[in-house]
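The numbers here are math on the coordinates, done by the rules we state, and not lab data. Computed from a predicted model, the values in this text were never measured in an experiment. Methodologically, a virtual Cβ is constructed for each residue, glycine included, from the backbone with ideal geometry; neighbour enumeration extends over all protein chains shown.
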Amino acid sequence: MDSSNLFLLMLALGAVAFYIGRGRSLAIATPLGGIRHLHSLPNYYGLNALLWCALPSLIILVLWLIFDEPVINGIVMGSLPADLAPLTTADYNLLLNKISNLADGIMSSKGQPASLIAVADSMAGLRVISQWVLTALCLILATIGLYWGWYKIAPDFRARQSVEKVMENLLLGCACLAIFTTVGIVFSVLFESIQFFRSVPFFDFVFGLDWSPQTAIREDQVGSSGSFGAVPLFVGTLLISAVAMFVAVPIGLMSAIYLAEYSGKTVRTYAKPALEVLAGVPTVVYGFFAALTVAPFLRDLGADFGLTISSESALAAGLVMGVMIIPFISSLADDVITAVPQSMRDGSLAMGATHSETVRRVVIPAALPGIVAGIMLAISRAIGETMIVVMAAGLAAKLTANPLESVTTVTVQIVTLLTGDQEFDSPKTLAAFALGLMLFTVTLLLNIFALHIVKKYREQYE
Amino acid sequence: MKEATAATKTAKDSKSSPKQNLEVDQAQVTVGNRFCENPKMSMRDVNVFYGDKQAIYDVSVDIAKNEVIAMIGPSGCGKSTFLRSLNRMNDTVDGCKVEGEVLLDGDNIYHKNLDVVELRARVGMVFQKPNPFPKSIFENIAYGPKIHGLADSRVDLDEIVEGSLKKAGLWEEVKERLHQPGTGLSGGQQQRLCIARAIAVSPEVILMDEPCSALDPIATARIEELIEELSQNFTIAIVTHSMQQAARVSNRTAYFHLGKLIEVNPTEQVFTMPEHQLTEAYITGRFG
Amino acid sequence: MSNSMDNLQKIKNSLKRRSRSETRFRLYGRVAIAIGLAAVLALFVDIVSKGHGAFKATYIQVDVHYDADLLGITSLADESQLMQANWDALTKSALRNKFSEVSGRRDKRQLYKLLSNGTGFDLKEHLVVNPLLLGETESKWLLADDDIDTYYKSWLDGEPYDARLSKKQVEWIDQLHQQGHIRLQLNTNLLTRGDSREPEQAGIYGAVMGSLLTLMLTLMLSFPIGVAAAIYLEEFASKNRFTDFIEVNINNLAAVPSIIFGLLGLAVFINFFHVPRSVPIVGGLVLTLMTLPTIIITSRAAIKSVPPSIREAALGMGASRYQVVLHHVLPLALPGMLTGAIIGMAQALGETAPLLMIGMVAFIVDIPQGFTDPATVLPVQIFLWADSPERAFIEKTSAAIMVLLSFLLIMNISAVWLRKRLERRW
């Protein structure tokens, strides 16, 4: 039976189980003198039967769907006749695709070698068997579950507790998805990165000064080694982030101070959401703005002053990224500034300090940990920002600290290495995952540290 | 002379507003010795509003030089509000409006040409909860002299800090750890630190808003001692919720009730034979 | 006391300087806010000024003669004949008739370039719907080529951009303009078609559908899971190291760069589970993982804002914790959760980087009909167009951005409205 039909069948069986369970509990209760003699409400008996009936088979169904294909592929590829055995991983994938298409009947078997057709047939056969086994297994499990749920129904059976226990585990599972995601991220970047570091030594990657992955795909040609020195990327990323922070920190901080300390209610109610509009604009829009408006404007402006500004300058990308980060810094700073207790301000004002003296010498120092944490989160956002730099920064890895020149960043390289049709296992694509690993590690450390400070800071004033 | 005009003016004002008559009987006229000669501060017909709500009604009173005046009354009677209007700390509250005159050495502190910076340097304040800045003990004391530019050199500053801490009776306890955070001190020490911080700029008047309400009895006793010592050099106005404290530290006591100043008299008299029956009711514990 | 007087003098001396520095500080604040607001304004003015033109397109009026011989067909009923018919011949002959003086292959080729490549196809559709027109002549407004469109619009604005046109073409347009046979008309292609290599034919409908499908999947997955996780963490989890660990994970995921989620999707969904590339399913899954932290965090805040007294009242009646949650907490927290979901969806709608990783960046002409059809999404479409060399795509890109921003605006306004309307104050 088809998997989606099987899924629906299981749900239908579950519904049947619910009515059977509910009915039986009512039937048991009536001779005793009504449902108040049951431990739980009849619906809970029904739900209990439903869970017993549908849950195990659904779990099996999902697991089966996940592991079905890899297992069958493994069996098929393991039993390949010698004349078909692939040499490289790329060939392996190609062959697998071919067999799979043949088995599905998508590809016509005309003109294919007989041995290949045989393999494809065996794959098709395995798939049919797998589907039948799955159907049978699900049905058996559902029946046993249904019977068990029916059998357990008794006046003193604690159906509600039993249902709630299952529910709690389901909720827990949802909460754990966050952990699975993190683990998934770590494994996916780590696994590919390790493969990458097998061909390119770790230290060459982290401390190498030359980045030119393009040469790497021509394995049989001169310069096949390619160079994967990521320092120019790190420097480019830091350069653009520095420009961004140079814009965002003073503006974000001063607007937060003004809104929190000086502005009247009206200004605050209008200016604050207006600034936050900047946070809601998608990054691709900023990228477009940077590439088509800001960069040409800066280039022309530079030309007027006799400066050569690249049309993919770090300055343009950084400026626009800074604008994007302004509301981020201002709202975080606003939070921490308003969290500084009024008594601090009163203490300072009562000494005869002016408002700005109070802000600069008491409020800001008191809010400093929170502000620093906010800036760290902003930096983490800046180095992880992708679209603005993909659209407005360059592709050539140049090792420079001049913001008027074109630089490239870690995220730009990840995107360029992974878009387009590349073989998945070439060092070129693997390098993207190594860069991803670097990016993830750095942002993770920044985030953990910043969130820790923020938490400490909140506790201090609570 | 001045006293007499003010008194008649108050009487006239109260007559001209019969509405208040209906609200609190007799209470609109302050009884006792409100005025004194050569006052450090004098308040005339002070009304304070929070938005539409009036918190203080027609308060007129003098504070003499180097006296300790205590302000008592049930909670919500407006004594803290009144105190905060004496160095314009109410300016920081949105929608707060003060009417009437508050004179410091004869100058109205609400005059538009007056700079609150100068005013607050002359009229310092200590708050209910100790509020040391999150800086070192030294920096806490040095804050005032630094912002006002009172110290010409580092040596000057050290002297001011040491002197203030000594005056606040904290020097012996903290001299070894001047550069540790002020927030690390105990509650009573923190409050004395705040007092030291206030006197570091040599104010003429110190306002204290229930300075002991967050402290334990031993720390309270220490602060009360300090207030007595300070009264030799400073004029002090203290708001307190504890009648015993008022009796212990003050020369004169003012009783506030629902935003009105009911009675001002020498402390001994207020606690032994109050002139007004509301005062009597309060000190005998019938309400409050 | 003399010391005090001395101090007072010092303070008085410092007043001027300090009030100046106070004014300066205040000014910095104002300037910072002004810069921020100016940036908002510049961004929107730039986009709107670039993009508003794309909602109109240039059309040219020609007399189309639906000549069966020219087309090479005998019957409209035969699908294979329609497929093979020479539809472009119709527009070509119409143009030749209009400008009968044009001769020579080169000039003619330039003449044919006045109209969009796709007009022949438009005529086919028109004829299929109105079969009686076969053999007749009809005066019809046909879509002009993108270069003509760019030129005509810039010419109307008084700054003609003719770099991509020949002198002859400019003359023809002038001639058409004087005859009143060229005009701007509402550009229906923009909102009703999929992507195209020809700027004048390209539309965002395919991308909008792709976004819609992706977001539907994201919402269906992330809202229930996010709410369930929030309920668990707020109502059931005991405070221990494990729940702390979950919390740290959620907070971190909320700050992980979105491109990392793209790497996850590529490595796990595409390379491990062999989900096909470029389809809304992968996009939806990746965006689900990405928006989940946002939804969990806002849902938790909503649950937290339900006062404990309500829970205590229900527990005091003997309700189980699930009954408390289902009957009392959830209904009260729902508006807050929905607001969070809308904000999460707005975030997902604007997201581009992770979708590039999972191949939703392909050039796709067909409108996606289901979760497994290859699709792209609106922001990726914007990225693709912004990268295109044709000048006409700048206008299109800005227009697509305007559409995207208006979707986001609607979502955010409805979130604010929902919060104001439904949220209770305790």
Degrees between helix B:187-199 axis and first principal axis of chain B (Cα, 0 to 90, nearest 10):
80
Excluding same-chain residues fewer than 8 positions from residue C:167, which lysines have a Cα within less than 24 Å of its Cα?
C:92, C:98, C:108, C:113, C:153
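For the stretch B:175-246, just say rounded, prolate or oblate: build the C-alpha gyration tensor, square-root its eigenvalues into a ≥ b ≥ c, call rounded for a/c under 1.5, and beyond that prolate if a/b exceeds b/c, oblate if not.
Because a/c hits 1.5 or more and a/b fails to exceed b/c, the stretch B:175-246 counts as oblate.
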Skipping prolines and chain starts, which residues have an amide H placed within reach, meaning under 5 Å, of the one on residue C:142, given they are 5 or more residues away or on another chain?
C:60, C:61, C:62
Filter chain C for me: DSSP H helices, axial length by Cα at least 20 angstrom, mean Kyte-Doolittle hydropathy not below 1.0. List them by residue number.
C:205-231, C:280-304, C:330-350, C:392-422
The stretch A:3-157 -> Rg/Rh from Cα coords, Kirkwood Rh, value 1.27
Distant-in-sequence amide H partners of residue B:136 (H built 1.01 Å from N, under 5 Å):
B:182
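How long is the gain from residue A:143 to residue A:166 if the chain were fully straight, where each residue apart is worth 0.36 nm and the alpha carbon distance is subtracted?
On the way: separation 23, 0.36 × 23 = 8.28 nm, distance 1.93 nm.
Computed gain between residue A:143 and residue A:166 is 6.4 nm.
If you average 1/r over every pair of different alpha-carbon atoms in the stretch C:224-268 and take one over that average, what Kirkwood value in Å do you get?
Hydrodynamic radius (Kirkwood, Cα only) of the stretch C:224-268 equals 12.0 Å.
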Derived scalar couplings ³J(HN,Hα) [the stretch A:383-398; Karplus, 6.51 cos²θ - 1.76 cosθ + 1.60; whole Hz; x for Gly, Pro]:
6, x, 5, 10, 4, 4, 6, 4, 8, 10, 9, x, 10, 6, 7, 10
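Given Cα pairs under 8 Å that are at least 6 residues apart, what percent is the relative contact order of chain A?
Numbers: 590 pairs, mean separation 74.0, N = 462.
The value is 16 percent.
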For chain A, what does the alpha-carbon gyration tensor say about shape, rounded, prolate or oblate, given a ≥ b ≥ c as the root eigenvalues, a/c under 1.5 as rounded, and a/b over b/c as prolate?
oblate
Specify whether the C-alpha gyration tensor of chain C places it in the rounded, prolate or oblate class, a ≥ b ≥ c being the square roots of the eigenvalues: rounded for a/c under 1.5, otherwise prolate if a/b is larger than b/c and oblate if not.
oblate
Using the Karplus curve 6.51 cos²θ - 1.76 cosθ + 1.60 with θ = phi - 60°, what ³J(HN,Hα) values do you get for each residue of the stretch B:58-64, in whole Hz, with x for Gly and Pro?
6, 8, 10, 7, 10, 10, 7
What ranking do B:235-247, A:385-397, C:106-118 get when scored by the average of other Cβ atoms within 10 Å per residue, highest first?
A:385-397, B:235-247, C:106-118
Filter the trypsin sites (Lys or Arg not before Pro) in the stretch A:356-462 down to the DSSP loop ones having no more than 12 other Cβ atoms within 10 Å, then list what survives.
none
Does anyone have the angle between helix A:231-257 and the longest principal axis of chain A? Alpha-carbon axes, 0 to 90°, nearest 10?
70
Within the under-9-Å Cβ sphere about residue C:94, not counting residue C:94, Lys/Arg +1 and Asp/Glu -1 give a net charge of +3
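Could you work out, residue by residue across C:188-197, how many beta carbons of other chains sit within 10 Å of that residue's beta carbon, and then give the average as an integer?
Details: counts 0, 0, 0, 0, 0, 0, 0, 0, 0, 0.
Taking all residues of C:188-197 together, the mean is 0.
Using packing as a proxy for protection, rank A:190-197, C:298-305 so that the peptide with the highest average count of other Cβ atoms within 10 Å comes first.
On the way: A:190-197: 18.4, C:298-305: 20.4.
Descending packing order for the listed peptides: C:298-305, A:190-197.
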If packing is taken as the mean number of other Cβ atoms within 10 Å per residue, what is the order of C:40-51, C:68-79, C:198-209, highest first?
C:198-209, C:40-51, C:68-79
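Tell me the mean residue ellipticity at 222 nm calculated for the protein assembly as shown from its helices only (DSSP H runs of n ≥ 4, each -39500 (n - 2.57), averaged over every residue, nearest 500).
On the way: 48 runs with 722 residues, N = 1176.
Helix-only estimate at 222 nm: -20000 deg cm²/dmol.
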Other protein chain Cβ atoms within 10 Å, averaged over every residue that makes up A:441-448
3
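Give the average, rounded to an integer, of partner chain Cβ atoms located within 10 angstrom of each Cβ in C:381-388.
On the way: counts 1, 7, 8, 0, 1, 10, 4, 0.
Partner-chain Cβ atoms within 10 Å, mean over residues of C:381-388: 4.
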Apply the Karplus parameterisation 6.51 cos²θ - 1.76 cosθ + 1.60, with θ equal to phi minus 60°, to every residue of the stretch B:113-124 and state each ³J(HN,Hα) to the nearest whole Hz, in sequence, with x for glycine and proline.
7, 7, 8, 4, 4, 5, 4, 6, 5, 8, 10, x
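How many percent of DSSP beta bridges within the protein assembly as shown run antiparallel, rounded to 5? Mind dumping the intermediate values first?
Details: 41 of 61 bridges.
Approximately 65 percent, going by the DSSP bridge assignments.
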Using just the C-alpha positions of the protein assembly as shown as equal point scatterers, what log10 of I(q)/I(0) does the Debye formula give at each q in 0.04, 0.06, 0.08 1/Å?
-0.35, -0.73, -1.08
Sorted by chain and then number, the residues having a modelled amide H within less than 5 Å of the amide H of residue B:256, at least 5 places away or on another chain, are B:72, B:73, B:262
What angle, in degrees between 0 and 90 and rounded to the nearest 10, separates the Cα long axis of helix A:295-304 from the longest principal axis of the Cα atoms of chain A?
20
